[in-house]
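Okay, structure first, notes after.
The values are calculated or read from the model by the stated rules, or taken from the named source; none is laboratory data. Remember, it's a predicted structure, so these values are computed and weren't measured experimentally. With ideal geometry, Cβ positions are generated from the backbone for all residues, glycine too; neighbour counts draw on all protein chains shown. The accessibility values were calculated without ligands, DNA or RNA, using every heavy atom of the protein model including side chains. Shrake-Rupley method; radii C 1.70, N 1.55, O 1.52, S 1.80 Å.
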Amino acid sequence: VLVVVDGVPGQIGGLSRLSPEDIESISILKDASAAIYGSRAANGVILVTTKRGRKNQAPSVLYNFDIGFSSPTRLPDMADAATFGTIRNEIAYYNNPDGGMNQIYSPQEIQLFTNGSDPLNYPNTNWAEQTLKDVSIQTRHNLNVRGGGEHINYYFSLGSISQDGLYKDGATDYTQYHVRSNIDAQISDRLKIGVSLSGRKEDRQFATQSAGNLFRTIYRAYPTVVGMYPNGLPSTGIENSNPIIMAQSMAGTDKQPTYVFNGILTASYDLPFLEGLSVDGFFSVDEFSKRRKLFSTPYTLYNYNGGTDTYDPVVAGGGPDQQASLDEEHFNESMKVANIKLNFDRSFGGHNIDAFVGYERSETNSHTFGASRIHYPTTQTPELSQGGAAATDSDNYGSS
């Protein structure tokens with residue numbers, strides 16, 4: 001589906017992160033009515049118009065604040081430690097070719113899982129509960145000013161969005177700031193111009209592990225394995241993977257800031273030598289920049305040694321040799337669109353003619369640059385210049 005924002009087809013940034021408070025109207029074009037956009041309109045066209053000022057209206061100021069709550073839904077209910085231990089005993093019993101009682105857990109141990117009297121040696125870990133929040137908060141602020149006079153109309157908007165992740169003490173976070181300015185001016189009886197400027201900054205931060213990997217680890221870990229020891233130290237979980245820690249910034253961060261700029265200059269002029277003949281057009285410039293900085297840092301997990309009553313450290317995460325690693329990528333895209341139309345709209349008696357001839361030119365350029373580095377001697381300097389010095393410690397790439 002082709003999205004057209006204020007007349008610009010395929011505007012960079014599109015509809016997905018456009019502030020709802022800035023939208024005046026949305027309409028759908030299908031079939032013949034969308035043919036003007038050519039093959040790009042094969043699946044239909046969504047026309048979006050943003051708010052503009054109103055002639056001879058006193059300034060109106062509007063502030064909106066919204067708060068929302070999100071929580072995990074339809075999470076599978078997993079067996080507790082006592083149930084898990086009982087099932088393992090049954091499996092061991094039926095797998096014994098002699099039918100013997102080669103039990104893994106004794107009735108006394110099953111009881112210890114149940115009553116929770118020895119959480120160090122007989123835990124009852126709900127990994128989803130220890131990793132995920134019950135509720136996370138998202139907020140939205142928006143302030144706009146709208147008005148106009150005899151010759152100039154204006155609309156200004158400023159807003160922000162904040163959304164927390166679903167992991168406890170997690171690295172995941174989203175923050176957005178956006179601004180818009182739409183100004184229209186009647187220069188003369190025949191000439192009208194308009195300037196539309198909008199910008200958006202999106203700060204996305206994730207854990208170094210994907211949500212798929214984190215949830216896979218949550219539901220592979222046994223309830224009979226400690227998540228966090230009673231003294232607050234993290235365990236090695238399963239296969240040295242503890243989702244409680246993997247979701248936190250202790251394991252590093254994946255920062256993905258995005259910057260979007262949209263600018264449109266419009267003009268229309270009624271030609272004086274023929275009634276009903278006019279020319280109008282626009283020139284738009286879009287700029288998009290997305291960066292990624294994935295810094296994976298090593299962290300320490302612990303195995304409890306019952307024989308010595310000590311906690312043995314195990315280094316996990318990071319890159320090769322349990323040292324920090326850095327991956328950076330920059331992607332830039334720009335689009336310029338020029339559009340001009342010659343219009344004729346006039347009535348002759350009972351007849352009306354409404355026709356136009358138009359020309360549009362669009363140019364898009366993009367560039368990608370990426371680099372990575374490993375063997376960081378310290379996690380305090382997450383910059384490409386501070387990684388390992390060997391030729392094999394770095395990798396670079398790019399495309400246009």
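Structure summary
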quantity	calculated
In Å, descending, principal axis extents of the Cα set of the stretch 315-369	87, 19, 7
Positive-end residue of Ser289, Phe369, Thr381, charge dipole of the chain with Cβ unit charges	Ser289
Of Phe288, Phe348, Phe84, the one that fluctuates the most in a GNM where the chain has Cα springs shorter than 10 Å	Phe348
Listed peptides 386-395, 202-211, 117-126 by packing density, highest first (mean Cβ within 10 Å)	202-211, 117-126, 386-395
Label-point separation in nm, Ala390 to Ala42, each point 7 Å along Cα→Cβ	5.0 nm
Only Lys, Arg (+1) and Asp, Glu (-1) charged, at Cβ; the chain dipole about Cα centre in debye	1180 debye
Alpha-carbon centroids, the stretch 17-56 and the stretch 178-245: separation in whole Å	29 Å
Per-residue SASA entry for Lys336, accessible area with 1.4 Å probe, Å² rounded to 10	100 Å²
Long-range lysine pairs (8 or more apart or interchain), the chain, Cα under 13 Å	4
Longest to shortest principal axis, alpha-carbon extents of the stretch 129-244, angstrom	80, 20, 18
Translational D in µm²/s for the chain (Stokes-Einstein at 4 °C, 1.567 mPa s, Kirkwood Rh from C-alpha pairs)	49 µm²/s
Using alpha-carbon coordinates, inclination of helix 211-220 to the longest axis of the chain, degrees	20 degrees
For the stretch 87-136, diffusion coefficient by Stokes-Einstein and Kirkwood Rh (Cα), 4 °C, 1.567 mPa s, µm²/s	99 µm²/s
Helix 81-95 vs. the chain, principal-axis angle (Cα, 0 to 90°, nearest 10)	60 degrees
With eigenvalues of the C-alpha gyration tensor scaled by 5 and rooted, the stretch 233-289, Å	62, 9, 6
Cα-centred dipole magnitude for the stretch 254-305, charges only on beta-carbon of K, R (+1) and D, E (-1), debye, nearest 20	760 debye
Accessible area expressed per residue, the chain, with surrounding protein chains retained (probe 1.4 Å, Å²)	55 Å²
Dipole-positive endmost among Val226, Ala211, Ile264 within the stretch 165-271 (Cβ charges, Cα centre)	Val226
For the stretch 1-125, average projected area of the Cα convex hull in nm²	18.3 nm²
Among Tyr37, Gly14, Asn121 the positive-end extreme of the charge dipole of the chain (Cβ point charges)	Tyr37
